[in-house]
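Below: one structure, written as structure tokens.
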Amino acid sequence: MLRARPTATLAAALAALARPRAVAVGAAVGVAPAPSRALAQVPDNHCWKCNHYDPTSTFFCKNASCSVILPTPDPAPNFFDLLQLDLPGAPFTPGGPAASSQAGGDANAGTDADAQASPRHAAILRHGFTVSAPTVKRAFLSLQQRLHPDNFSTKSDQERTISETSSMLVNRAYQTLRDPLSRAMYILDLHGITVPETPSAADRDVLLHVVQALEEIEDADLHADPDAIKDLVASNARRIEGEHRVIADAFARNEPEVARDAIVRLKYWRNIAAAADEKLGVSSDA
């Protein structure tokens, strides 16, 4: 049974529940590192060492006699382009228009419009959520193998600094895109939409269910009954998978507001899963 709580106390508890529990996904579960909603053409890629120009250069100079590591463009590409991830109907193209990683100004207004209308940008917004975690991991490991600072220990100070900066940014992109919740929030931010802390009034049943589930987990005596929360864990896993499908479909239909509502619910189901893992002594590391 759901314990009786004063209205104010319940409201405070529910607000606290909206904040993700400590599960190892980037800096925090569901908190995507601040991306930008601005779109920008990647700047001219002149090599800082040999001055070779190639607009398709990414991370390294394409002059075979140079091949020095290049600074990350400013503004930086979005995380999908940074990891060079192919998407349905829009493979990664070096030097193409893409969503940048920081807010842009009027100077980029022309190229912003071109980028926003590009198939690649549309693919990121509509299909980016469906990128699998193994795909993201493979892309990350491939880049880190080349960018890791250990590879530049005998290089110049500038090369070591560029390596450290690029490696950290690639790691940040990986930590964001590897997890469905933070990936969804990142894409939603690219749409220019933020996720509210709590569900709408219409979702009060969701909130009450979460409180009841957390109380059931807390009260469970696993020594007396090791399967005490087995059904709860299974049903919650189905809810999580269901929200993943809702989010994917919503983004594919260009309905980010629907995705936003599902993301809010997903945050709650993830909190239940984290509480259950903690009770069972299961590691949450991905």
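Readers should treat all values here as calculations from the given coordinates under stated rules, not as data from a laboratory. Keep in mind it's a predicted model, so treat the numbers as computed, not measured. Neighbour counts are summed over all protein chains in view; Cβ atoms, including those assigned to glycine, are modelled from backbone coordinates with ideal geometry.
Give me the extension gain from Ser65 to Arg160: residue separation times 0.36 nm, minus the current Cα-Cα distance, reported in nm with one decimal.
Gain in length upon complete extension: 32.3 nm.
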### Query
When Lys and Arg each count +1 and Asp and Glu each count -1, what net charge do the other residues less than 14 Å away from Glu159, Cβ to Cβ, add up to?
+1
### Task
Report the net charge of residues surrounding Phe129, where surrounding means a beta-carbon distance below 10 angstrom and charges are Lys +1, Arg +1, Asp -1, Glu -1.
+1
### Using distinct alpha-carbon pairs, which all enter the 1/r mean, Kirkwood radius of the stretch 148-286 in Å
17.6 Å
### Summary
A chain fully extended from Ser153 to Arg138 at 0.36 nm per residue, minus the present Cα-Cα distance, gains in nm 3.0 nm
### Candidate lysines - alpha carbon under 30 Å from Lys279, same-chain residues fewer than 8 apart omitted
Lys137, Lys230, Lys267
### Message
On a full-extension model of 0.36 nm per residue, what is the gain between Ala252 and Gln212, subtracting their alpha-carbon distance, rounded to one decimal in nm?
### Response
11.1 nm
### Task
Enumerate the amide H contacts of Phe60 below 5 Å, restricted to partners 5 or more residues apart or on another chain; note that Pro and chain-start residues carry no placed amide H.
Leu70
### Summary
Karplus ³J(HN,Hα) for the stretch 89-95 (6.51 cos²θ - 1.76 cosθ + 1.60, θ = phi - 60°; Hz, whole; x = Gly/Pro) runs x, 8, x, 5, 10, x, x
## Note on the structure
Once the mean of 1/r over all distinct C-alpha pairs in the stretch 115-168 is inverted, the Kirkwood radius in Å reads 13.3 Å
